[in-house]
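Reading through the structure tokens given below for one structure.
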Amino acid sequence: MKLQHIAAALALIATGAANAAVQSGTNGDGSLFLIAFDNQNGTTTSGFFDLGYTLNSFASAAGTGSSATLGDLAAPNTTVVWNFLNNTVSLNGGQVSSLGTNDWSASFTKLLANVDAAELQWVVGANDTTGFGSGRRSLISGSVDASAADLLAQNTANNTNLGQITTSNSIFTPLAGKGTIDSADNGAFTFTAADGDASTKADGYVMAGNGFGNNWRNANKIGGTKYATEENGLWLVDGGTAGAEQLLGRLIFNTANGTLTYTNVTPAVPEPSTYAMALLGMGVVGLMARRRRAA
């Protein structure tokens, strides 16, 4: 393996040091989260999963949309798999230990036991709530084939509203002390009606009508809420530059095997030596063709 490949692999393994607690983004680097929920036909169930990585793992510095400096997990041909049943994360096929302890399995099992699988919806996101406008970053899930009009609609006002789910309408507030959110580096909590809370707004933090419903679902103009059988995209958006969003990768949430998979969409750029070999090969083919014609 070449030295540059070794260095890149070591950088990826080190990405995303363990977090002591889930981060809303008020530190400028919010936790990457998965929210899965069913609020249809009388069902009231939602699960929140802290995925261990943060926004800086994908976008390491401020910048406007497509000009932002990208992080290690936005590197070409990167694949991350979260397994909620065995509490593991793998990066490019190798298990990641630098994220600390993962404890999702009980909440994931509870989620599946209390939803209609055909009605389960999900989103992935991370916020930076230190400011709004140019340089303000967010990760949001959305359609991989969002139209130019959709991207333009993802304007400053809507991006600001996305951030409100972690500030004035915080989805993180009801998580304190629930499930394994506080006991694990990367924990989870699933709320069901059987938990006995009087108001879904208090603890059912992804139900329509609360901060998540009004801010995330209405302000995401690129179709971020998908059913479990549908593919999602992971987008980097900027609060000050409508239309400059950047698609970082594809997301698949497979409830049957308990995994969420992220795959970067950018192919690796061949090294100069690769181009040289290709040109040499074409030269040889051309020479052989000329010899055949001469014969």
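The values are calculated or read from the model by the stated rules, or taken from the named source; none is laboratory data. Model, not experiment: these values are computed from the prediction. Positions of Cβ are backbone-derived with ideal geometry, glycine not excepted, and every protein chain shown enters the neighbour counts. With ligands, DNA and RNA removed, areas are computed over all heavy atoms of the protein, side chains included. Shrake-Rupley method; radii C 1.70, N 1.55, O 1.52, S 1.80 Å.
Protection proxy ranking, highest mean first, for peptides 244-256, 116-128: 116-128, 244-256, where packing is the per-residue count of other beta-carbon atoms within 10 Å, averaged. Please compute the net charge surrounding V123, taking Lys and Arg as +1 and Asp and Glu as -1 over other residues with Cβ under 10 Å from its Cβ. Net of charged neighbours comes to +2.
Label separation (T167 vs T79): 3.9 nm, computed from points 7 Å beyond Cα along the C-beta direction. What's the local net charge at A148, with K and R +1, D and E -1, over the other residues with C-beta under 15 Å away? In short, -2.
Computed from label points 7 Å out along Cα-Cβ, the spacing between A149 and D195 is 3.9 nm.
Other residues lying with their Cβ under 12 Å from the Cβ of D185 contribute a combined charge of -3, Lys and Arg counting +1, Asp and Glu -1.
Based on the Cα atoms of the range 30-109, what semi-axes does the equivalent ellipsoid have, where each is the square root of 5 times one gyration tensor eigenvalue, given in whole Å with the largest first? Don't skip to the answer; put the middle values down first.
On the way: eigenvalues 142, 69, 22 Å².
Gyration-tensor ellipsoid for the range 30-109: 27, 19, 10 Å.
Residue-normalised convex hull volume from the C-alpha trace of the range 81-122: 85 Å³ per residue.
Computed over protein heavy atoms with a 1.4 angstrom probe, the accessible surface ordering of R217, R137, largest first, is R217, R137.
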